[in-house]
Amino acid sequence: MKAVLCKTFTGLEDLTIVEVEQPRPADDEVLIAVQATSVTFMDYLIVSGLYQMRPPTPFVPGTEAAGVVVAIGGKVTKYKPGDRVACVSWSGCYAEQMVAKESKTVMLPADISFEIAATVWYNYGTAFYALIESARAQSGERLFVTGAAGGVGLAAVDLARSYGLKVIAGVGSDDKKALLQRYGACDVINYRKENLRERIKSITAGEGVDICFDNVGGEIFEQMTRLMKWDGRLIPVGFASGVIPSVSMNLLLLKNYSIIGVFAGAWAERFPARAARMNDILADLLTRKRIRPHVDRILPLEQIKEAMRAVANRRAQGRIVLKPITGGGDKREVVG
């Protein structure tokens, strides 16, 4: 079968598409014929050697996919061959077939396309774990999301809107504002052009935000340590700026706010039953159209470098989807 192969952690330019042996499912795994997969910023970090975890080389990258179950392991009870599913995994998605843990696989609602399904459970799973599971976000609270037009950021905006939060979206360019307004952001701040401190204070009448969902790190995170509301929750999700910030701990003491770290993948590994319940909730939200995943573009697997370069350079809004299998497949309309 064809797959993208990463042999060394030297970046996307050294990725190759080669013939590899078809994987076999372990007892707790399902074998999936991949119909669609998406490109995450984490995928770019992993192949570049910049992520905190490194799979043994060579390996097939890719952390989220959707497709059809081909075979199941001896202890799998939830799925059978022919089932339409989506999954998350630390690697393996950029291929014609892949294996995934039963606990990290979810049955697809009947009316959801593979293309949309391949953009949901990593993005919205991270957002759900951060906002609902960890921060206990409540309707009416004010949330600030940085990197808000990216995959995880837009999912956080969309999920927060569906739960009744008042969302402030932070972006680095004006061309992303319209998308965020369509997704329900009450205010949009371009923090490369506008004074973040002044805008947050103006929007919140000087009180600060209840929750900050930060994808960027660096200077923006450091500014937000001074813009939190009393009893707020500051959530570091990633460090897209490349700079891991430091915090003056007296700032937390003065406003009694919390910093809550979010590593959704590790949480799902430790608490698979809770993660499975979250996946079922997301499937229900998707079916009832309370969340609306956004596909930036659909490309063939052969354009993996172009897709990953766009994600790395912040030129994608929502998710870029790759199609490993040409022809046939799911005919459902792609929406979002």
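Filtered by the rule that a residue be in a loop (DSSP other than H, G, I, E, B), modelled with pLDDT of 90 or more, under 23 Å from Leu50 (Cα atoms) and in contact with a strand residue (DSSP E or B) (Cβ under 8 Å, 6 or more places away or on another chain), the range 234-270 gives Val237, Ile260, Gly261, Val262. Considering only the range 222-255, state which residues are within 14 Å of Ile200 (Cβ to Cβ) and touching a Cys at 6+ places or on another chain (Cβ under 7 Å). The answer is Met224, Met228, Leu234. When each of Gly164, Gly170 is tested for being at pLDDT 95 or above and either in contact with a strand residue (DSSP E or B) (Cβ under 8 Å, 6 or more places away or on another chain) or outside any loop (DSSP other than H, G, I, E, B) (or both), the lone residue that passes is Gly170.
In this structure, is Ala130 closer than 21 Å to Val311 by Cβ and either among the small types (Gly, Ala, Ser) or part of a helix (DSSP H, G or I) (or both)?
Details: closer than 21 Å to Val311 by Cβ: yes; either among the small types (Gly, Ala, Ser) or part of a helix (DSSP H, G or I) (or both): yes.
Against the criterion (closer than 21 Å to Val311 by Cβ and either among the small types (Gly, Ala, Ser) or part of a helix (DSSP H, G or I) (or both)), Ala130 qualifies.
Scanning the range 177-190 for residues that are out of contact with any helix residue (DSSP H, G or I) (no Cβ under 6 Å at 6 or more places or on another chain) and more than 16 Å from Gly318 (Cβ to Cβ) gives a single hit, Cys186. Take the residues of the range 173-204 that are assigned to a loop (DSSP other than H, G, I, E, B) and of a type in the set (Ser, Thr, Tyr): which is nearest to Val216 (Cα to Cα)? If we take residues in the range 173-204 being assigned to a loop (DSSP other than H, G, I, E, B) and of a type in the set (Ser, Thr, Tyr), then Tyr191 is nearest to Val216 (Cα to Cα).
Among the residues that make up the range 64-76, is at least one of them free of Cβ contacts under 8 Å to residues at least 12 places away in the same chain and under 15 Å from the mean Cα position of the chain (by Cα)? Step through it out loud before you land on a result.
Restricting attention to the range 64-76, the residues satisfying the condition of being free of Cβ contacts under 8 Å to residues at least 12 places away in the same chain are none.
No - not one qualifying residue is present in the range 64-76.
The values are calculated or read from the model by the stated rules, or taken from the named source; none is laboratory data. Please read these numbers as outputs of a predicted model, since none were measured by experiment. All Cβ positions, even for glycine, are placed from backbone atoms using ideal geometry, and neighbour counts span all protein chains on display.
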